[in-house]
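In what follows, a structure is listed as structure tokens, so that the remarks can point back to it.
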Amino acid sequence: MTTSPSFAEVDVGELPKLEAIIRALKCEQTGHIMEAILLYEESIFKLSQMAEAEPSHRQLCGKYLKMYEARAKQLRDQVKGHLQSSRMLDHIIIEQGARGRSYQRLFGPYLDDGVREAHLNEPHLTEPSHFRNLLNFLEVLVKNCRYLKYIRLTTRPDPLAPKNQLQMLQQMKNDLAVGNIQMNFQMDNSLHDRKIVLSSGVVIKIGRGLHYFEPMESSYTLGLCDFDFRKCLATEVDIWKCRAFAKRLKEPQDGEYQASKEDRPQAHGYSSD
């Protein structure tokens, strides 16, 4: 990925301390384009607030606001271009009452070492079953993607129990952090689309989102741990492929330069390697 000289020469030390900007720059440098976009947008919002609250920083903030807005737009256009050139890999019809449709069975073939970041849009995360579904999906994602580093979750806020929702998501974020996987979550009241976007260029759209399983008849029955035993609700799944949003990590071949331990891509802390 190329970066304009003026943008590459940004001295973040000039700015008031703003962690999102530093993280956005690092994400872009390491190829985490989708996460970089969200962090730039977060930085733009915070810089706007800072400019209003601190007149002494207004000119400096304005300078960088234009720069980050332009860069975020470039990256959004890049992602949009990738998505527009996508092709359908599979169309899956799940019939009412079907079994053998776990996340591993459906998505496992597309979860591999090429996935460095994953973005999940799931509007409904309020019920205990919703959080169990999300947790199982995260387990499948982490187990299959050795180099996964970033997860971005977008959902609607729970109008009845917002503190419980945040507590559950924060617990998952903390668990992932133990394995050096960063999870960020954000709330969006207008969210409707249900999809999973992987940095490898795979886009998964599910009619019912993650919640396509029938309610379990009891707490102790087949399907409690292995979702292949669970009965499904009727839905459809579309799987698309476009150009990757991040460069695929390559294992060195015989005779090729062996990077130092510090320079080699590191698997996350939950990898068995």
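When Asp228 is tested against (1) part of a loop (DSSP other than H, G, I, E, B); (2) closer than 30 Å to Gln182 by Cβ; (3) modelled with pLDDT of 55 or more; (4) open to solvent by less than 40 Å² (accessible area, probe 1.4 Å), only condition (1) is not met. Only one entry in Val197, Val237 is at pLDDT below 95, open to solvent by less than 20 Å² (accessible area, probe 1.4 Å) and within 26 Å of Arg132 (Cβ to Cβ), namely Val197.
Does Ala70 satisfy the criteria of being under 24 Å from the mean Cα position of the chain (by Cα), open to solvent by less than 20 Å² (accessible area, probe 1.4 Å) and within 26 Å of Arg243 (Cα to Cα)? For Ala70, the condition - under 24 Å from the mean Cα position of the chain (by Cα), open to solvent by less than 20 Å² (accessible area, probe 1.4 Å) and within 26 Å of Arg243 (Cα to Cα) - is not met. Would you confirm, using the coordinates I've provided, whether Asn164 is under 21 Å from Glu236 (Cα atoms) and either within 16 Å of the chain's Cα centre (by Cα) or not acidic (Asp, Glu) (or both)? So Asn164 fails the test.
Among the residues of region 41-55, those that are of a type in the set (A, V, I, L, M, F, W, C) and in contact with a Phe, Trp or Tyr (Cβ under 8 Å, 6 or more places away or on another chain) comprise Ile44, Leu47.
The sole residue among Thr154, Thr126 that is free of Cβ contacts under 8 Å to residues at least 40 places away in the same chain, open to solvent by less than 20 Å² (accessible area, probe 1.4 Å) and more than 19 Å from Ser102 (Cα to Cα) is Thr154. Remark: pairs (first residue in region 162-184, at negative phi and open to solvent by 60 Å² or more (accessible area, probe 1.4 Å); second residue modelled with pLDDT of 95 or more and among the hydrophobic types (A, V, I, L, M, F, W, C); Cβ separation under 6 Å; 6+ apart in sequence or on different chains) = Met168/Phe131. Tally time: how many residues in region 88-112 are under 16 Å from His211 (Cα atoms) and either open to solvent by less than 40 Å² (accessible area, probe 1.4 Å) or in contact with a Gly (Cβ under 6 Å, 6 or more places away or on another chain) (or both)? Within region 88-112, residues that are under 16 Å from His211 (Cα atoms) and either open to solvent by less than 40 Å² (accessible area, probe 1.4 Å) or in contact with a Gly (Cβ under 6 Å, 6 or more places away or on another chain) (or both) number 9. A single member of Met183, Met172 is at pLDDT 95 or above and out of contact with any Phe, Trp or Tyr (no Cβ under 6 Å at 6 or more places or on another chain), and it is Met172. Of all the numbered requirements in (1) touching a Ser or Thr at 6+ places or on another chain (Cβ under 9 Å); (2) within 30 Å of Ile239 (Cα to Cα), Leu65 misses one, and that requirement is (2).
Cβ-Cβ distances below 6 Å connect the following pairs, each with a first residue in region 101-113 that is modelled with pLDDT under 95, a second residue that is assigned to a loop (DSSP other than H, G, I, E, B), and a separation of six or more residues or different chains: Asp113/Arg146; Asp113/Tyr147.
The values are calculated or read from the model by the stated rules, or taken from the named source; none is laboratory data. Quick caveat, the model's predicted, so the values are computed rather than measured. Cβ sites come from the backbone with ideal geometry, for glycine too, and all protein chains shown count toward neighbours. Each accessible area value is taken on the protein alone, full model and side chains, heavy atoms only, with ligands, DNA and RNA left out. Shrake-Rupley method; radii C 1.70, N 1.55, O 1.52, S 1.80 Å.
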